[in-house]
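Read the structure below first, then the notes.
The values are calculated or read from the model by the stated rules, or taken from the named source; none is laboratory data. A quick note: this is a predicted structure, and the numbers were derived from the prediction, not measured. A quick note on method: Cβ atoms are made from the backbone with ideal geometry, for glycine too, and the neighbour counts reach across all protein chains shown. What goes into the accessible areas is simple: the full protein's heavy atoms, side chains included, and nothing from ligands, DNA or RNA. Shrake-Rupley method; radii C 1.70, N 1.55, O 1.52, S 1.80 Å.
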Amino acid sequence: MTTTHPLFAEALAGLGLELSVRTFPEGTRTAADAAAAIGCELSQIVKSLVFAADGVPVLVLMDGASRVDVAAVRRELGAGKVTRADAALVRETTGYAIGGVPPFGHRTRTRVLADPALLDHAVVWAAAGTPHSVFPMAPRELIAHAGAALADVRERA
């Protein structure tokens with residue numbers, strides 16, 4: 001039986017969603033771990049990353065094969081300074097620990113940016129509230145539930 005993080009279960013109920021949450025005892029804390037456990041491409045994993053833009057939390061949804069360009073996030077938000085959020089800010093903002101942050105269902109409402117490359121796939125996989133659980137969803141649906149704005153904030157080689 002799969003147990004879902006209580007905060008995420010509450011969010012799903014509020015949205016009227018029933019998801020097929022999969023649990024992996026070995027963990028899916030990193031995008032590579034998740035892709036290996038699921039058996040999908042690394043780019044099908046959705047990383048939910050929290051940053052602080054001038055001290056205000058913002059969530060960036062990025063495909064698992066890419067990195068976030070912090071300067072691009074700064075430009076997109078018109079912020080003076082953007083830094084990666086520490087574990088305490090991530091938990092305070094979202095209600096989840098790093099490695100298990102889902103794309104929606106957070107404790108507080110934050111601005112959300114989603115990289116357009118997520119739309120390259122029919123299905124993507126995201127954390128379901130714990131470092132051991134994931135769920136599949138069509139990327140457009142996931143972006144809509146997250147209330148995300150599409151923004152090209154991917155780091156270029």
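General remarks:
- Residues of region 64-88 that are of a type outside the set (A, V, I, L, M) and either over 19 Å from residue 101 (Cα atoms) or open to solvent by less than 60 Å² (accessible area, probe 1.4 Å) (or both): 64, 66, 69, 74, 75, 76, 78, 80, 81, 83.
- Selected residue [at pLDDT below 95 and not hydrophobic (A, V, I, L, M, F, W, C)] from 78, 95, 39: 39
- Within region 58-80, residues that are free of Cβ contacts under 8 Å to residues at least 24 places away in the same chain have Cβ atoms under 6 Å from residues that are open to solvent by 10 Å² or more (accessible area, probe 1.4 Å) in these pairs: 70/82; 74/82, counting only partners at least 6 apart in sequence or on another chain.
- Of note, residue 104 satisfies the criterion of being crowded, with 18+ Cβ neighbours inside 10 Å and closer than 21 Å to residue 20 by Cα.
- For residue 10, the conditions (1) surrounded by fewer than 18 Cβ atoms within 10 Å (Cβ to Cβ); (2) closer than 20 Å to residue 138 by Cβ; (3) of a type in the set (D, E, K, R) all hold with the exception of (2).
- Residue within region 149-156 that is out of contact with any strand residue (DSSP E or B) (no Cβ under 9 Å at 6 or more places or on another chain), in contact (Cβ under 8 Å) with a residue 40 or more places away in the chain and more than 28 Å from residue 24 (Cα to Cα) present: yes
- Test result for residue 61, of a type in the set (A, V, I, L, M, F, W, C) and either out of contact with any helix residue (DSSP H, G or I) (no Cβ under 7 Å at 6 or more places or on another chain) or open to solvent by 40 Å² or more (accessible area, probe 1.4 Å) (or both): no
- Region 77-115 - residue that is polar (S, T, N, Q) and in a helix (DSSP H, G or I) and, of those, nearest to the chain's Cα centre (by Cα): 94
- Among the residues of region 29-56, those that are open to solvent by 30 Å² or more (accessible area, probe 1.4 Å) and over 22 Å from residue 133 (Cα atoms) comprise 54, 55, 56.
- Members of region 64-98 that are in contact with a helix residue (DSSP H, G or I) (Cβ under 9 Å, 6 or more places away or on another chain) and among the small types (Gly, Ala, Ser): 64, 65, 66, 79, 80, 85, 95, 97
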